[in-house]
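Below is one structure, written out as structure tokens; the observations come after it.
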Amino acid sequence: MTIQTQLFEGALIRLAPIDHEKDAEVEARWTNDPHYLHALESKPAQPVSPAQMKKKYEAIEKQLEESKNSFYFTIRSREDNRLLGFVRLEWIEWTHGTGNLKMGIGDAGERGKGYGSEALRLLLRYAFDELNLYRLSAMLGGDNPAGLRFFERHGFMQEVRRREALQRGGKFYDVVHLGLLAEEWRSKNPKEVEP
Amino acid sequence: MADLLSGKLVRLTAEEPKTLAEAYSRWSHDSEYWRLETSDCARQFSVWGIQKELEKELEKESENNFFFHIRTLADDRLIGNVGLDGVRWQHGESFVGIGLGEREFWGRGYGTDAMRVILRYAFQELNLRRVSLDVFEYNPRAVRSYEKAGFRHEGYARGYLLREGRRWDLIFMGILRQDWLALPTEDR
Amino acid sequence: MTDNLFRGQLVHLAADEPEVLAKVSSRWAQDSEYFRLLDSEPPILWSEKKHKEWIEKELEKDSSDNFGFMIHKNDDNAVLGFIALFALNWNHGDTLVAIALGERDHWGKGYGTDAMRIMLRYAFQELNLHRVGLLVFEYNPRAIRSYEKAGFQPEGRIRGMMRREGRRWDWLMMGILRSEWLQLQQESG
């Protein structure tokens, strides 16, 4: 891997900036699916309008500029540049080399096609080889077994179960914390030897 | 839980200020709708005026209010709004309010369906213990709709409103979590 | 109704004026052991004036989700530290709690455990929450023992979250459910 390697380009998808004009309407539509919202956040599921989504984007970019401990990328199809999802790295503590990861593919019909896996692979390389982080964390609800399997397939380990921290649909679920250490990622993704 | 926000006739949505402004302005010209909906004196609003108000609202973010608009499932028409106003989290209680601005949808089960969706949201998404409402004595259609949705009468404030030269009571109703759980599944 | 929700056997919880808070906060922050037991951020030293400005700005924010209190000794009203709820998810009845005693000669004497008991009663009886959680650093065994005494159960370890003094340390997470707390109340009579 050299400096010429593209950090943001995959085979199917690319990591890209927010398109304030085009993305708001697409992402607002996703918020009508409570499954999607529940997979990402613990607050009550509420759809938002494109106008509200635009305000969210402004808040995100403001935070990126001011806090210097978070990163945000949209996931876009290489084929036609359409918005597929997002990936967010936040709560970075530079002195300890840690950060929290959150990602989502918005349209249920676009899941299971490898977009999420490719986006995560790019993000992990960015986090470990560019930001030089020591570990990444992720948090998921126990009502999202597909999400848990996804992260475990990529090497994350379950570390904490906060018991009954979620109440949804009349049932209790745990909140699961997962973690992946840079050294674990490296042992599975060894660098090619330079010629 | 794909149908958290959908009922049999309607679904709950978020709307653009422009869309709402046009609807609200038109609804505000219907004084019967207005006076069933609110105790505030009947007023009328321009589209521009309402849009400015709504855009200002966008700036505010409230974690204690859950406000939605109502669209028909059949042809996606915007017919009204419904929301939980002022959740008192530690007591697990909130007031609910609903209004159908499109009068052709009155008395046809749309309001009851929207109320069922918001109650399910209150009890299953917000995990509340109780939902309260108040309704004007001169709105028997609404009172019947609320009874169908599971609300019980709890009392009334005498002579709360003065309209058309006489006094009217404000009726209080409420539904507890156990009342809601006891409803037949198709009514939840 | 409990007589005084905020009073325990050794301590009581109270709100204090910004000047008082600024004074003790800036003094405690200069004790790097105190700071590094509490916070993963590198300790920095603000002036008392800056502490006061920051405190006043915090107090001006919407207080409906702010459940932070100062811990005072019952016998002489001295300020020992603070205890606060954060990341409160009302719709799930879930919160985290943080506690720190700035007065080091009062460590290990039961003051923290007493304050935590008051806060748990407040969380379960006044706020009607379903669970209270916390995170504690692996290198703080005194706190871990205090939390165990208050009824918290271990829920896992987040590996290597901090690098300090040349090595890696875990974050331990602990939690107590409403049913567990009620059980404890029954047992202690």
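No lab work stands behind these numbers, since they all come straight from the coordinates. Because the structure is a prediction, the values reported are computed rather than measured. All Cβ positions, even for glycine, are placed from backbone atoms using ideal geometry, and neighbour counts span all protein chains on display.
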**OP:** Give the Debye-formula value of log10 I(q)/I(0) at each listed q (0.07, 0.09, 0.11 Å⁻¹), with one equal scatterer per alpha carbon of the protein assembly as shown, two decimals each.
**Re:** -0.52, -0.85, -1.20
**OP:** Quick one: which residues, 5 or more positions from B:VAL10 or on another chain, have an amide H under 5 Å from its amide H? H modelled 1.01 Å from N in the peptide plane, none for Pro or chain starts.
**Re:** B:LEU73
Original post:
To the nearest 0.05, how large is the calculated FRET efficiency for C:LYS49 and A:GLU184 if R₀ is 35 Å and r is the Cβ-Cβ distance?
Top reply: 0.15
Original post:
When Lys and Arg each count +1 and Asp and Glu each count -1, what net charge do the other residues less than 12 Å away from B:GLY155, Cβ to Cβ, add up to?
Top reply: -1
Original post:
Of C:VAL136, C:TYR147, C:ALA123, which is farthest along the charge dipole of region C:108-189 in the positive direction, counting Lys and Arg as +1 and Asp and Glu as -1 at C-beta?
Top reply: C:VAL136
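Sort chain B into rounded, prolate or oblate with this rule: let a ≥ b ≥ c be the square roots of the eigenvalues of the Cα gyration tensor; rounded if a/c is under 1.5, and if a/c is not under 1.5, prolate when a/b is larger than b/c, oblate otherwise.
It comes out rounded by the Cα gyration axes.
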Original post:
Cα-Cα over 25 Å: which of A:LYS62/B:LYS60; A:LYS171/C:LYS61; A:LYS43/A:LYS102; A:LYS56/A:LYS188; A:LYS43/C:LYS52?
Top reply: A:LYS171/C:LYS61; A:LYS56/A:LYS188; A:LYS43/C:LYS52
Original post:
Residues of region A:119-142 with amide nitrogen under 14 Å from the 7 Å Cα-to-Cβ point of A:GLU9?
Top reply: none
Original post:
Over the Cα atoms of chain A, Rg to Rh with Kirkwood Rh, two decimal places?
Top reply: 0.96
Subject >> Value at 222 nm in deg cm²/dmol, rounded to 500, when DSSP H runs of n ≥ 4 in chain A each add -39,500 (n - 2.57) >> reply: -9500 deg cm²/dmol
Subject >> Projected label distance in nm at C:ARG121 and C:LYS109, using a 7 Å step from Cα toward the beta-carbon >> reply: 2.1
Original post:
Which one of C:LEU182, A:LEU84, C:ALA87 has its Cα pushed farthest toward the positive end of the charge dipole of the protein assembly as shown, where Lys and Arg give +1 and Asp and Glu give -1 at the Cβ?
Top reply: C:LEU182
Original post:
Given springs between every Cα pair under 10 Å in a Gaussian network model of chain B, which of B:GLY107, B:GLY159, B:GLY150 has the largest fluctuation?
Top reply: B:GLY159
Original post:
Can you tell which of A:LYS54, A:LYS68, A:LYS102 shows the greatest fluctuation in a Gaussian network model of chain A with Cα springs below 10 Å?
Top reply: A:LYS68
Original post:
What's the exposure ranking of A:THR2, C:THR95, B:THR19, going from fewest to most Cβ atoms within 10 Å?
Top reply: A:THR2, B:THR19, C:THR95
Original post:
region C:5-74: which trypsin sites (Lys or Arg not before Pro) are DSSP loop and have at most 10 other beta-carbon atoms within 10 angstrom?
Top reply: C:LYS61
**OP:** Work out the FRET efficiency for B:ARG188 and A:THR2 from their Cβ-Cβ distance, taking R0 = 51 Å, and round it to the nearest 0.05.
**Re:** 0.25
**OP:** Report, in debye and to the nearest 20, how large the dipole of the protein assembly as shown comes out about its Cα centre when Lys and Arg carry +1 and Asp and Glu carry -1 on their Cβ.
**Re:** 1000
**OP:** Above 24 angstrom, tally the Cα pairs of region C:11-133 and express them as a % of all pairs, no decimals.
**Re:** 29
**OP:** Answer rounded, prolate or oblate for region B:38-114, using the Cα gyration tensor with square roots of eigenvalues a ≥ b ≥ c: rounded when a/c is under 1.5, else prolate when a/b is larger than b/c, else oblate.
**Re:** oblate
**OP:** Mind checking the full-extension length gain between C:GLU180 and C:SER63? Use 0.36 nm per residue of separation minus the Cα-Cα distance, one decimal, nm.
**Re:** 39.2 nm
Original post:
Charges only on Cβ, +1 for Lys and Arg, -1 for Asp and Glu: so what's the dipole of chain B about the Cα centre, in debye to the nearest 20?
Top reply: 520
Original post:
Under a straight-distance cross-link criterion of Cα-Cα below 20 Å, which aspartates and glutamates are reachable from A:LYS113, leaving out those fewer than 8 residues away in the same chain?
Top reply: A:GLU9, A:GLU27, A:ASP33, A:GLU79, A:ASP80, A:GLU152
Original post:
For C:ASP16, C:ASP94, A:ASP80, what ranking results if the residue with the fewest other Cβ atoms within 10 Å of its Cβ goes first?
Top reply: A:ASP80, C:ASP16, C:ASP94
Original post:
What dipole magnitude, in Debye to the nearest 20, does region C:11-133 give about its Cα centre under +1 on Lys/Arg Cβ and -1 on Asp/Glu Cβ?
Top reply: 260
Subject >> Among B:SER94, B:SER39, B:SER145, residue whose mean-square fluctuation peaks in a GNM of chain B (springs only between Cα atoms under 10 Å) >> reply: B:SER39
